[in-house]
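In what follows, a single structure is set out as structure tokens and then discussed.
The values are calculated or read from the model by the stated rules, or taken from the named source; none is laboratory data. Because the structure is predicted, anything quoted here is derived from the model rather than measured. Here the Cβ positions follow ideal geometry from the backbone for every residue, glycine too, while neighbour counts run over all protein chains shown.
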Amino acid sequence: MSTNSKNFPFTAITGQDEMKLALILNVIDPKIGGVMIMGDRGTGKSTTIRSLVDLLPEIKRIKNDPFNTNPEKFLDLNLTTENIKTPMVELPLGATEDRVCGTINIKQIFSSGDHFYEPGILARANRGLLYVDEINLLDDHLVDILLDSAASGWNTVEREGVSIKHPAQFILIGSANPEEGELRPQLLDRFGLFVEIKTINEPKLRMKIVEERIDFEKNTEKWYESYSLDQISMKEKILNAQNLLNQVIIDPAYQLKISEICSQLKVEGMRGDIVSTRAAKALAAFENRKEVTVEDIKKIITFSLKHRLKKDPTDSLSSTNLNKKILELAETIFSSL
């Protein structure tokens, strides 16, 4: 399998299984609501996120359309189409609102009426992925815009009485270094999943990661070939899961237990219940099953709920202990079945 990709192969990434799973689940079911990845520098956040795009299928769009419009919505028209890679758009840290949302040229409207709207990053990300590194350093107003567009699937730009609205359906992926500050809890809650990753400290595993990275940079094409079968297998597994997802069911008793967990953890709102259910279904589909198991729920429950818990200033629980607390509660509640 020859490839022009410059990305490190997703299947070759070692030691960050939770992050990889959270990304895959969002690809299987974009309605999960994106993922926020918190971790130290050099833990492979950006490498893993960028490599994900190589596992995604091509999409068909109207040729040269800046909004990546699906031509199937206009079957009655004879449109020229093209296949493109699923878009992966990265948001620069210093981006302005105009660059994100697009701009309306009022003068152009009055002079000719043509091409008065310049699409922005949200247009390019439509039907794809939008990645924001160091999202905790982004202006809160822009984060609000991204989250609102990701949730609604639309971007609206207004200027001097002129309004433009276009589809903006994308999976929002944020990453950040905790040393540079945290996201506001109100914003954090709106991400579907939350994953914390740590620097790998096991010496042999660190050595393996270093050796593989050096080999990859020495001969990218040849090295990528060695993972081609793994990449193809993973791509097919994700596509199969996407097709299977609507057939996956969850026992109402399990659904009730998820809500009991959320209730006992005092999770505000219903996002925790909904995301946990969606993530568990996506995991079952990924493993080629049509029914959610208790193990599926236990596997996704921490990164579905941890970022939604109220932080008590007097609580000294570490991240690891917080995971343990959620899992122990899940074990207790599901043991009554």
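All of D98, D29, D40, D54 fail the test of being modelled with pLDDT of 90 or more, in contact with a strand residue (DSSP E or B) (Cβ under 9 Å, 6 or more places away or on another chain) and among the acidic types (D, E), apart from D98.
Counting residues in segment 69-85 that are under 19 Å from the mean Cα position of the chain (by Cα), part of a helix (DSSP H, G or I), modelled with pLDDT of 90 or more and assigned by TED's automatic domain parsing to the domain that holds L122 gives zero. With the requirement that a residue be of a type in the set (A, V, I, L, M) and surrounded by fewer than 14 Cβ atoms within 10 Å (Cβ to Cβ), what does segment 205-226 give you? L205, M207, V210, I214 - these are the residues of segment 205-226 that are of a type in the set (A, V, I, L, M) and surrounded by fewer than 14 Cβ atoms within 10 Å (Cβ to Cβ). For segment 277-317, a residue qualifies if it is in contact with a Phe, Trp or Tyr (Cβ under 7 Å, 6 or more places away or on another chain) and modelled with pLDDT under 95, and the qualifying residues are F303, K306, H307. Taking segment 207-239 as the range and being within 12 Å of P9 (Cα to Cα) and modelled with pLDDT of 85 or more as the test, the residues that pass are E225, S226, Y227, S228, L229, D230, Q231, I232, M234, K235. Answer yes if at least one residue in segment 187-198 is more than 30 Å from K31 (Cβ to Cβ) and either among the acidic types (D, E) or without any contact (Cβ under 8 Å) to a residue 24 or more places away in the chain (or both), and no otherwise. No: zero hits. Taken residue by residue, segment 240-247 has no member that is modelled with pLDDT under 85, within 25 Å of the chain's Cα centre (by Cα), more than 20 Å from F334 (Cα to Cα) and not assigned by TED's automatic domain parsing to the domain that holds I300.
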